[in-house]
1. Using alpha carbon centroids, what distance separates segment 37-52 and segment 82-125, in Å?
2. Of the candidates 34, 68, 44, which one comes out as most mobile in a Gaussian network treatment of the chain with C-alpha springs shorter than 10 Å?
3. Here are some values of Kirkwood radius over Cα pairs in Å: [x] 18.9; [y] 18.1; [z] 16.6. Which one was computed from this structure?
4. Using 0.36 nm times the number of residues separating residue 85 and residue 38, minus their current alpha carbon distance, what extension gain do you get?
5. Out of 52, 151, 121, any idea which swings most in a Gaussian network model of the chain, alpha carbons joined below 10 Å?
6. Any chance you could give the angle, 0 to 90 degrees and rounded to 10, that helix 93-124 forms with the longest Cα principal axis of the chain?
7. To the nearest 10 degrees, how steep is helix 3-42 against the longest Cα principal axis of the chain, on a 0 to 90 scale?
8. Just to be sure I understand: with springs between alpha-carbon atoms less than 10 Å apart, which residue in 136, 72, 51 has the highest mean-square fluctuation in the Gaussian network model of the chain?
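Throughout, read-outs are computed from the coordinates displayed, never taken from laboratory work. All of these numbers come straight from a predicted model, not from anything done at the bench.
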């Protein structure tokens, strides 16, 4: 591998890391907002006998964002649940891990593509979520597509790292 291709790979890895870290902070903000809104609902409901109508729906939307925007960071840190029955017994575990990362990347890219395609259709039809506090369904679909697409990019970065220890 030439120095030029290593430098380009390092730049791509740095860019992916920056985007993943930024969206992870957005996911953390979503969790903080979920907790704050839930506490607000508890106070309004049980202390003032004035329950809100929007908290339940909003917390659901924020949960979706927190999961999908946090997924790439969890994957990059390799903090996800892994079943290592096969990889622990394979003599060439590094090659196995790279192949598994390639399959995972392709799967995530396919799921992201499908989510974006559905979001595009939802946007064109101006579909809204169910519930009292409605938002465009395309927002959620696009968030899911972004989460899966970026997770696919993370799997590619992990796969292409020299001397990686994935899997």
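1. One Cα centre to the other: 41 Å.
2. Of the options given, 44 has the highest mean-square fluctuation.
3. [y]
4. Details: separation 47, 0.36 × 47 = 16.92 nm, distance 4.00 nm.
Full-extension gain reported as 12.9 nm.
5. Per the Cα network of the chain with a 10 Å cutoff, 52 tops the list.
6. Once rounded, the angle reads 40 degrees.
7. Result, in degrees: 20.
8. In this elastic network of the chain, the residue with the biggest mean-square fluctuation among 136, 72, 51 is 51.
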